[in-house]
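The values are calculated or read from the model by the stated rules, or taken from the named source; none is laboratory data. Quick caveat, the model's predicted, so the values are computed rather than measured. Don't worry about glycine lacking a Cβ; one is built from the backbone with ideal geometry, like all the others, and counts go over all protein chains shown. Remember, those area values only see protein heavy atoms, side chains included, never the ligands or the DNA or RNA. Shrake-Rupley method; radii C 1.70, N 1.55, O 1.52, S 1.80 Å.
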Amino acid sequence: MAKPNKKGPTKTVDIFCVACNCLLFKYRKGGKGALVKSFKERISQDYTVESCVCPKCQKPFARETLIRGLPAYKFIGGKAWFK
Ligand SMILES: [Zn+2]
């Protein structure tokens, strides 16, 4: 297994619930572009209590999936935003 590049994504974005603006994750996002998925290993802070469910308004914002064999969350369109 290749080791993750230490100089991988270093920019951290905050990911919020669209419905209530609750902070969900701090995430080391690589590259630019839309927020479609997030690898669990790149989440630096996880504020959720239940997987994929907003801790404040209890709305699901993502689904658990595997991307190239790695556990990840795939965001449900229009349920989360980041800055
Ligand atoms: Zn919410």
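Relative to the current alpha-carbon distance between residue 58 and residue 44, full extension at 0.36 nm per residue lengthens the span by 2.9 nm. Pairs of Cα atoms in the chain fall into 5 Å distance bins, from 0 up to the last occupied one, in shares of 3, 15, 27, 27, 16, 7, 3, 1 percent. The modelled label-to-label distance for the pair residue 74/residue 22, using points 7 Å beyond Cα in the direction of Cβ, is 2.4 nm. Within the straight-line cut-off of under 20 Å between alpha carbons, the aspartates and glutamates reachable from residue 79 are 14, 46, 50, 64, sequence neighbours fewer than 8 places apart in one chain being disregarded. Looking at the chain, the accessible area is 69 square angstrom per residue; that uses a 1.4 Å probe and ignores ligands, DNA and RNA. Amide H contacts of residue 12 (H built 1.01 Å from N, in plane; Pro and chain starts excluded): no residue 5 or more places away or on another chain comes under 5 Å.
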